[in-house]
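Step one of this worksheet: look at the structure below.
The values are calculated or read from the model by the stated rules, or taken from the named source; none is laboratory data. The structure displayed is predicted, hence computed values, not measured ones. Neighbour counts run over all protein chains shown; Cβ positions are idealised from the backbone, glycine included.
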């Protein structure tokens with residue numbers, strides 16, 4: 001009976017965990033390089049920084065210090 005309870009507890013704890021969104025982070029810098037309006041974003045999960053190019057409107061609305069999610073990647 002203890003083994004069944006232990007297995008049930010392990011399964012329940014695994015299913016109750018929320019998967020953290022690892023495609024979001026904090027904008028650390030922004031800039032323009034030719035046709036690239038870029039934002040450097042520090043990933044909330046890994047702490048890695050990566051630079052992404054966006055269209056003008058997305059770049060203009062994204063300010064350093066704000067949280068931002070990149071929709072076309074799962075993580076970096």
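Results, tabulated for the structure shown:
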quantity	calculated
Selection within the stretch 46-57 - touching a strand residue (DSSP E or B) at 6+ places or on another chain (Cβ under 8 Å) and either in contact (Cβ under 8 Å) with a residue 24 or more places away in the chain or in a strand (DSSP E or B) (or both)	48, 49, 50, 51, 52, 53, 54
Candidate set: the stretch 24-45, residues that are in contact with a strand residue (DSSP E or B) (Cβ under 9 Å, 6 or more places away or on another chain) and not in a strand (DSSP E or B); chosen: the one farthest from residue 75 (Cα to Cα)	35
Conditions (1) modelled with pLDDT under 95; (2) part of a helix (DSSP H, G or I): number failed by residue 76	(2)
The stretch 21-43: number of residues that are surrounded by 10 or more Cβ atoms within 10 Å (Cβ to Cβ) and at pLDDT below 95	3
Among residues of the stretch 58-73, those that are in a strand (DSSP E or B) and surrounded by 15 or more Cβ atoms within 10 Å (Cβ to Cβ), counted	1
